[in-house]
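Scroll down for the structure; my scribbles are underneath it.
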Amino acid sequence: MHIVIASLSALLGAIAGWLGLALLVIAITGPGLDGGGAMSAIFFIGPIGGLVGLAAGLWLFRKIGIVRPKAGDPAARGPAEVSRPFAAVVSVVSLVLLWWVWAELL
């Protein structure tokens with residue numbers, strides 16, 4: 001379960017980073033006659049945001065998504081678990097995006 005939620009978190013971060021940086025560049029360059037700014041934003045600058053978003057998604061999973069047992073509690077010596085609220089949010093956002101893409105392709 002750790003791998004699935006970490007992968008979804010990284011993928012959502014990559015999508016958000018790619019789209020966020022590309023839209024920021026498009027907003028800064030403004031509308032052009034030939035669309036060169038938008039094309040370069042999506043295909044050349046967007047992947048940089050995707051890499052940053054991927055790293056941010058994995059970092060958030062490591063910080064928020066993993067719940068470790070408390071050190072002072074002798075009864076809780078098990079392995080680290082995935083945070084249920086974090087897993088629920090990541091799963092719902094992933095399913096909504098998947099449904100939206102599926103609906104657009106039909």
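The values are calculated or read from the model by the stated rules, or taken from the named source; none is laboratory data. Just so we're clear, the structure is a prediction, and the values are computed from it rather than from any experiment. Don't worry about glycine lacking a Cβ; one is built from the backbone with ideal geometry, like all the others, and counts go over all protein chains shown.
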For region 1-105, which fully contained helices (runs of 4 or more DSSP H) count at least 3 residues that are within 11 Å of the chain's Cα centre (by Cα) and surrounded by 14 or more Cβ atoms within 10 Å (Cβ to Cβ)? 2-29, 46-60, 84-105
Residue by residue through region 1-45, note down the ones that are modelled with pLDDT under 90 and within 14 Å of LEU60 (Cα to Cα). HIS2
